Amino acid sequence: MSEGHARLAPSSAEQWGPDRCPASIQMQEKHPGDDDGEAAREGEAAHYAATEPTPGPIAPNGVPITQEMIDHARLFRDAADGAQWVEQRLHMPMVHAECYGTPDAVRYDEAARTLEVIDYKYGHGYVDHWHNPQLLLYAMGALHELLVAVDDWRHWSVTLTIVQPRYYGAESPVRTHHITGIALQTWRVRFATAAGEALSPSARTVTGGWGRYCSALLHCEAARKMQGAALDYADTQQSGPVTPDTVGAEMTHIARALRILKDRQTALEAVAASLPRVTGWAKEPKYGRLAWNEPDEAVLALGDALGVALAAPAKPITPTQAKKLVDAAVIDAYASRPYAGVRLEPERPAEQRLGDMP
Ligand code: SF4
């Protein structure tokens with residue numbers, strides 16, 4: 001869910017937390033992304049369907065509530081049954097004053113000194129519950145809200161629960177990790193150190209899987225260096241359980257990746273047209289379909305003069321089709337391809353090009 005304007009939001013602790021990328025906070029402030037993308041809006045609507053006692057047919061962000069969202073919401077409601085706090089803003093000043101956020105649900109028992117933080121994830125990509133940075137921070141915020149001093153955390157037991165209905169892998173869609181209050185104290189120190197480095201002028205960039213949702217991804221030199229290696233990895237054969245759900249989920253990922261890559265390629269080709277050169281690529285002129293230069297009547301008259309039928313039922317046949325009927329040089333005098341920008345082709349050594357020649 002939205003974390004307001006917290007600089008050190010728990011929802012992005014996957015990127016700035018311990019052993020992750022300290023520079024990600026300042027990089028993303030410089031290069032903010034589209035918080036309102038399609039997936040984000042769908043996730044926001046799914047959260048509304050799950051956390052509102054009586055959700056309407058349209059979420060506040062305008063996205064219609066689907067039957068799938070309602071079905072999946074039951075999983076969250078069961079897991080969060082009895083939670084005292086739903087979408088309650090929590091602060092973590094023991095980590096940093098700029099660290100606060102809103103967990104989906106918190107259930108606690110002060111007498112038994114147990115605490116559970118439950119978060120709803122609507123994406124397909126696996127979210128690890130094990131020492132989940134976002135949930136660890138929420139647990140600290142919940143104990144702070146319950147007025148439990150950091151020194152007294154050691155008496156508590158903490159459970160971190162991820163509810164992810166659209167994850168179709170081998171593990172359960174509801175996954176829990178239990179940790180002791182003593183372990184949480186250790187994590188507090190690590191998060192406080194990470195928070196300090198994240199806001200320092202000398203914050204380091206550290207690449208890893210956490211960068212895939214970083215809005216600075218396209219502007220980050222460290223990530224750029226990693227992209228080639230990632231593509232090599234994507235080119236390997238994968239194996240795993242094959243079910244209608246896993247195939248459907250992977251097809252969704254692939255369709256999205258293809259769309260993103262195609263959009264990126266189109267954008268780069270448009271930019272390339274104005275660049276004097278593109279390193280490693282040759283700029284080849286791109287042309288549209290061969291079309292008649294003359295009006296239809298003139299083309300039909302040409303057919304009559306040549307004794308061939310250049311007429312289609314309603315209009316002339318294409319110049320390419322006409323070239324099969326008469327000398328191509330004649331058609332070339334009457335048809336041309338409109339210029340359509342440039343296409344990027346991989347550069348090949350001269351001897352290889354010669355080898356391609358008939
Ligand atoms: S893209 Fe990766 S390395 Fe670069 S700032 Fe973001 S998280 Fe850090």
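Each reported figure results from applying straightforward, stated rules to the coordinates on display, with no laboratory input. These numbers were taken from a predicted model, which means no experiment stands behind them. Here Cβ is always computed from backbone atoms with ideal geometry, including for glycine, and neighbour counts include all displayed protein chains.
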- prompt: Using a Förster distance of 45 Å, how high is the FRET efficiency between R41 and D296, based on the Cβ-Cβ distance and rounded to 0.05?
  reply: 0.40
Theoretical gain in end-to-end length, E110 to K262 [0.36 nm per residue, Cα-Cα removed]: 49.4 nm
- request: Enumerate the helices in the chain for which the Kyte-Doolittle hydropathy averages -1.0 or more and the C-alpha atoms extend at least 30 Å along the helix's axis, using complete DSSP H runs.
  value: 244-272
statement: GNM of the chain, Cα pairs under 10 angstrom: of L290, L137, L146, the biggest fluctuation goes to L290
Computed lengthening from L306 to T193, 0.36 nm per intervening residue step minus Cα-Cα distance: 32.2 nm
field: Gaussian network model of the chain, springs between alpha carbon atoms under 10 Å - residue of E297, E250, E221 with greatest fluctuation
entry: E297
The stretch 10-209 - share of DSSP beta bridges that are antiparallel (%, nearest 5): 70
query: Given H placed on each backbone N at 1.01 Å, which residues far from S336 in sequence or on other chains put an amide H within less than 5 Å of it?
result: A291, N293
task: Enter the Cα centre distance for the pair the stretch 268-334 and the stretch 101-126, rounded to the nearest angstrom.
output: 64
- prompt: Dipole of the chain, Cα-centred, from +1 at each Lys and Arg C-beta and -1 at each Asp and Glu C-beta, to the nearest 20 debye?
  reply: 840
- line: Under 5 Å from the placed amide H of A105, counting only residues 5+ away or on other chains, we find E87, I118
query: When all alpha-carbon pairs of the chain are counted, what percent fall beyond 26 Å?
result: 65
- request: Counting other beta carbons within 10 Å of each Cβ, put E44, E145 in order, fewest first.
  value: E145, E44
- prompt: Quick one: if the Förster radius is 22 Å, what FRET efficiency do E284 and Q227 give, using the C-beta to C-beta distance and rounding to 0.05?
  reply: 0.35
message: With an 8 Å Cα cut-off and a minimum separation of 6 or more residues, compute the relative contact order for the chain in percent.
response: 16
- prompt: So between I254 and K315, what do we pick up on full extension, going 0.36 nm a residue minus the alpha carbon distance?
  reply: 17.9 nm
- prompt: When the chain is treated as a GNM, springs tying every alpha-carbon pair under 10 Å, which of D19, D71, D296 comes out with the largest mean-square fluctuation?
  reply: D296
task: Please go through the residue pairs K262/K283; K283/K315; K286/K323 and name each one whose alpha carbons sit more than 28 Å apart in this structure.
output: K283/K315
query: When the Karplus curve 6.51 cos²θ - 1.76 cosθ + 1.60 is applied with θ = phi - 60°, which whole-Hz ³J(HN,Hα) does each residue of the stretch 199-208 get, with x for Gly and Pro?
result: 9, 7, x, 9, 4, 8, 8, 10, 7, x
